[in-house]
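What follows is calculated from the coordinates using simple rules that are stated; it is not laboratory data. Note that the coordinates shown come from a computational prediction; the quantities given were computed from them, not determined experimentally. Counting neighbours? That spans all protein chains shown, and the Cβs are built from the backbone with ideal geometry, glycine included.
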């Protein structure tokens, strides 16, 4: 099974350039016998990953094109996030992160380290619900109605007037600053929008309360500038999720 999966990976990799290939070309390139290769190609065609032309050549199918486009989008987004997170971390010397929503859950996909002696516990931030962190609140605030309803239901969060007012406040300000439940830390975050002006992530910073008052303006300004920089890059790439 592992060998078959590896062969499938090699076959699909041949189509990254969007060129078409014949059975003979693929067989020669990969050193696979034609009968076995034909069976694999037939399955890939049935799954929509490849298409067989009238001339008998194979080319990318719609499903594989979609996967490649999705991978490209994520690569651009993560590259942009990594650059901004590193820049902001160097400027603030605090923990900076970039979070997205994956299958209805908040997930931190880029995170900086911090050389400060006292820092915010990352394990708490990862386990916290949407409403306990600024990145979570930002991600909720800019969801469309159907998306917001689905996320709240999935995570067992009450859709009450208090929450809706808080989310409206985030949108009015364009960012979110909030205390941790124990009051020992401050979470700040700004929304990142794609080329279609839909939210695609939240740029955040976790800071111990005793340091935040000294750099509050710098933190908010840095997050907003970083989010705008990411938006410009996504906009230039015409990247919409």
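Some points to look at:
- Degrees, to the nearest 10: 2-13 long Cα axis against longest axis of the chain: 90
- Relative contact order %, the chain, counting alpha carbon pairs below 8 Å whose residues are six or more apart: 16
- The length gained by stretching the chain between residue 8 and residue 22 to full extension, at 0.36 nm per residue less their Cα-Cα distance, is 3.5 nm.
- Helix 34-46 axis versus longest C-alpha principal axis of the chain: approximately 50°, rounded to the nearest ten.
- Acute angle (nearest 10 degrees) that the helix 161-173 long axis makes with the longest principal axis of the chain, alpha-carbon atoms: 80
- Computed over the chain with a Gaussian network model linking Cα atoms closer than 10 Å, the most mobile of 77, 64, 139 is 64.
- Placing one equal scatterer on every Cα of the chain and applying the Debye formula, the log10 ratio I(q)/I(0) at q = 0.12 Å⁻¹ is -0.75.
- Surface/4 of the Cα convex hull for region 22-67, nm²: 3.1
- When its C-alpha radius of gyration is set against 2.2 N^0.38 Å (N residues), region 135-241 gives a value of 1.12.
- Order of 203, 234 - criterion: other Cβ atoms within 10 Å of each residue's Cβ, fewest first: 234, 203
- Region 1-57-region 169-241 distance, computed between alpha-carbon centres (Å): 45
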